[in-house]
């Protein structure tokens, strides 16, 4: 985008892979700077999905006001477009109260949409998507080289490790005959925010250990009972809300498709795969400069606050 960053309002975002401690970091920062948190979690929006989404508890919500938690029925599908609209409204209202909005979460497509904007995307073609996914499994490098050939602008912007965006760009080209970059240029609009993006950094094995601990805690806290209540309320197992990691595995167990031990093992494995994808996206992100910080318990909030204050000072907003 060609507009000056100074024409946009600064926005603080706390991102990171699952179980990395972004919620704790965001909470500590928000308390210190008079902030309110806007959740960017694609499943925390659903009412009733509490244990498996690790929603902020009553103590966290009493310390800092949270937005976009428990705002959708689990029979609905809350889209990226709905998130952007709701988040923009919340940001404006928070600033209107003289507080500071913080976007905290790990649904990176939502974060990208908030920063860069959405464009009317051509509809998905399941057959094309499956074919491209198979090509990626055979050779990610060859798949990315094909994107360079058909849409070099998109390839430069996306990068070779972003599987989701590479495959979507090729799907758009294969189904419409038009590069996705052409769609971007037609619908590009002025960005509203100048992002300061921070993330807690942990060694991979420490992150995986925290994932294991979190899944065990979810089970001992009653995840199975929560899923049974959701199903009994009339939410079909095919609902998007129940595709969340942990929920879909427990649904399989309840439906007799696996035993509880297998469901737990697969939940841990799926969480590790998610964390790996999130780390890949973060390391190649183009939405703004990413600052890796220590987790909250190791002083990361203090550095995040310094970065934010430096941003405001440079912009003459202090």
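The values are calculated or read from the model by the stated rules, or taken from the named source; none is laboratory data. Here the structure is a predicted model, which means the values were calculated and not measured. Counting neighbours? That spans all protein chains shown, and the Cβs are built from the backbone with ideal geometry, glycine included.
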Open item on the list: Being touching a residue at least 60 places away in the same chain (Cβ under 8 Å) and over 29 Å from residue 290 (Cβ atoms) is the filter here; which residues of the range 200-226 pass it?
Closed with: 221, 222, 223, 226
Open item on the list: For a quick check of your reading of the model, give me the residue pairs whose first member lies in the range 46-57 and is in contact (Cβ under 8 Å) with a residue 60 or more places away in the chain and on the phi > 0 side of the Ramachandran plot, whose second is buried (at least 17 other Cβ atoms within 10 Å of the Cβ) and assigned to a loop (DSSP other than H, G, I, E, B), with beta-carbon atoms closer than 9 Å and at least 6 apart or on different chains.
Closed with: 48/74; 48/235; 54/18; 54/19; 54/41; 54/44
Open item on the list: Quick check on the range 282-289. Is at least one of its residues within 19 Å of residue 19 (Cα to Cα), surrounded by 14 or more Cβ atoms within 10 Å (Cβ to Cβ) and in the same structural domain as residue 210 (by TED's automatic domain parsing)?
Closed with: yes
Open item on the list: Every residue in the range 220-230 that is surrounded by fewer than 18 Cβ atoms within 10 Å (Cβ to Cβ) and either under 23 Å from the mean Cα position of the chain (by Cα) or farther than 13 Å from residue 249 by Cα (or both), please.
Closed with: 220, 221, 222, 225, 229
Open item on the list: Of everything in the range 40-71, what is in contact with a strand residue (DSSP E or B) (Cβ under 6 Å, 6 or more places away or on another chain) and closer than 21 Å to residue 92 by Cα? Give them in sequence order.
Closed with: 40, 45, 64, 65, 66, 67, 68, 69
